[in-house]
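The values are calculated or read from the model by the stated rules, or taken from the named source; none is laboratory data. Keep in mind that this is a model prediction, so the values were computed, not measured. FYI the Cβ positions are ideal-geometry reconstructions off the backbone, even for glycines, and counts take in every protein chain you see.
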Amino acid sequence: MRVEEAADRPWERVGRGLLWGLLILVLTAVIAAGLWSSLRQGFRRPTGATGRVSHPPVYGTVPEFSLEERSGRPFQLSDLRGNIWIASFIFTNCTEACPLITAKMAALQTDLRGVSLVRLVSITLDPERDTVAVLTRYAEQFGADPRRWLFLTGEKPSIDRLVQEGFHLSVSGLPRQSAQLPHTPLDPALAHADHGEADDLMHSTRLVLVDGRARIRGYYDASDDEALLRLRQHVQPLLREE
């Protein structure tokens, strides 16, 4: 019996070794899964209860307008139907806030280049000087893709009315029309650029996110990187809506 027991011991040792090896593999897999879950949580975007970026609220609807694109063709709100778009308000003679705003739009064009439903729309606040030829040169300086980034001009009273009553933003020192704008801590009137007496033009520096049904879904200060991150994140749920 002693000889047989001695002969069995190597197999027992092998069995115990296999068992411990299996336990180590299981523990390693569990630890790896936990680390991967932590990493995913670390890189995950801010989400709502559903695990997705929450849908931004509705702040009103952009009214119909008729302007002129830098290509010289007439341009209306209906040309943007079904597209998510980001609006900015600038003028080419500006040397302070407007180049920054347009540079941020250029960065958005790069970041969203693979998203076919997104358009960028820059509207001049100085249409008397910003003709289609001037806007074309200005757009080329920032590498604006004419298929995805539009530059609009038109009659100044129409543009001022669109900015104030349509987008609820201030321009030319006049207060925004706020009757239709719900109360929100993200007040679109807070961020503005005053270019001084020389240009006599004060205007908002906010970018405005608009969905495919012309509904305003957010305001984002172009000088605030965190706000622009929220803008990029808010595009995603709007794409799902479309």
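Per-structure values
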| quantity | calculated |
| --- | --- |
| Counted residues, segment 84-106 - those being assigned to a helix (DSSP H, G or I), touching a residue at least 60 places away in the same chain (Cβ under 8 Å) and more than 21 Å from ALA214 (Cβ to Cβ) | 5 |
| Count - residues of segment 135-161 that are surrounded by 19 or more Cβ atoms within 10 Å (Cβ to Cβ) and either acidic (Asp, Glu) or assigned to a helix (DSSP H, G or I) (or both) | 4 |
| Residues of segment 69-118 classified as closer than 20 Å to HIS203 by Cβ and surrounded by 19 or more Cβ atoms within 10 Å (Cβ to Cβ), total | 17 |
| Any hit, segment 172-193, residues being in a strand (DSSP E or B), under 21 Å from TRP85 (Cβ atoms), at pLDDT below 95 and of a type outside the set (Ser, Thr, Tyr) | no |
| Given (1) in contact with a strand residue (DSSP E or B) (Cβ under 9 Å, 6 or more places away or on another chain); (2) modelled with pLDDT of 95 or more, number of the condition PRO57 does not satisfy | (2) |
| Any hit, segment 90-106, residues being assigned by TED's automatic domain parsing to the domain that holds ARG206 and touching a Cys at 6+ places or on another chain (Cβ under 7 Å) | yes |
